[in-house]
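A.B. asks: Take a look at this one; I'll ask things after.
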Amino acid sequence: QVQLVESGGGLVQAGGSLRLSCAASGSIFRINVMNWYRQAPGKQRELVAGITFGGTTNYADSVKGRFTISRDNAKNTVYLQMNSLKPEDTAVYYCNLVNLYSDPGGSWGRGTQVTVSS
């Protein structure tokens, strides 16, 4: 099994920055995708950004140009650098890892709270 632990959330003023980290351990295949999702109160969970083992990235339109996802394969860690934060970015942010041949949906962390004040 895979264990994921997020860190780096907190309270920040609009226009500020945060960097989230997610450390993975356990049964990690080389070929995997790591994603960041977020869920605001009363809203559905949505994909924020994803990155393949080779470094190919994708972003939600709402964060493109402001957020950057990256990974350190040696450390089995994925990062989300969040700049120019807006109150609409307030949510619990979750790390997700999908191994090659994994069960649908992959593994999930417990989340880290990001709050952006106006």
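The values are calculated or read from the model by the stated rules, or taken from the named source; none is laboratory data. The model shown is predicted, which means the values in this text are computed figures rather than measured ones. Cβ coordinates were reconstructed from backbone atoms using ideal geometry, including for glycine residues, and neighbour counts include every protein chain displayed. The area values use the complete protein model at the heavy-atom level, side chains included, leaving out ligands, DNA and RNA. Shrake-Rupley method; radii C 1.70, N 1.55, O 1.52, S 1.80 Å.
A.B. asks: Quick one: Asn76 ticks every box in (1) closer than 18 Å to Arg110 by Cβ; (2) modelled with pLDDT of 95 or more; (3) among the polar types (S, T, N, Q) except a single one, so which number is it?
C.D. replies: (2)
A.B. asks: For the range 87-106, name all the residues that are modelled with pLDDT of 95 or more, not in a helix (DSSP H, G or I) and not hydrophobic (A, V, I, L, M, F, W, C).
C.D. replies: Thr90, Tyr93, Tyr94, Asn96
A.B. asks: So, in the range 40-78, of the ones that are more than 11 Å from the chain's Cα centre (by Cα) and polar (S, T, N, Q), which residue ends up most open to solvent (accessible area, probe 1.4 Å)?
C.D. replies: Pass one, the range 40-78, residues more than 11 Å from the chain's Cα centre (by Cα): 40-45, 52-58, 60-66, 72-76.
Restricting the remaining residues to those that are polar (S, T, N, Q) gives 44, 52, 56-58, 62, 73, 76.
Details: Gln44: 159, Thr52: 42, Thr56: 91, Thr57: 60, Asn58: 73, Ser62: 62, Asn73: 79, Asn76: 62 Å².
In this case the residue turns out to be Gln44.
A.B. asks: Sort out which residues of the range 101-118 are of a type outside the set (S, T, N, Q), open to solvent by less than 90 Å² (accessible area, probe 1.4 Å) and at negative phi, and write them in order of number. Can you show your working first?
C.D. replies: Pass one, the range 101-118, residues of a type outside the set (S, T, N, Q): 101, 103-106, 108-111, 114, 116.
Checking the rest, the ones that are also open to solvent by less than 90 Å² (accessible area, probe 1.4 Å) come to 105-106, 109, 111, 114, 116.
Within the range 101-118, Gly109, Val114, Val116 qualify.
A.B. asks: Right, next: Is there a residue being of a type in the set (Lys, Arg) and touching a residue at least 60 places away in the same chain (Cβ under 8 Å) anywhere in the range 39-57?
C.D. replies: No, the range 39-57 contains no residue that is of a type in the set (Lys, Arg) and touching a residue at least 60 places away in the same chain (Cβ under 8 Å).
A.B. asks: Asn35: exposed (fewer than 15 other Cβ atoms within 10 Å of the Cβ), closer than 21 Å to Gln1 by Cα and not small (Gly, Ala, Ser), yes or no?
C.D. replies: no
A.B. asks: Mind listing whichever residues of the range 1-19 are outside any loop (DSSP other than H, G, I, E, B) and not charged (D, E, K, R)?
C.D. replies: Scanning the range 1-19 gives Val2, Gln3, Leu4, Val5, Ser7, Gly10, Leu11, Val12, Gln13, Leu18.
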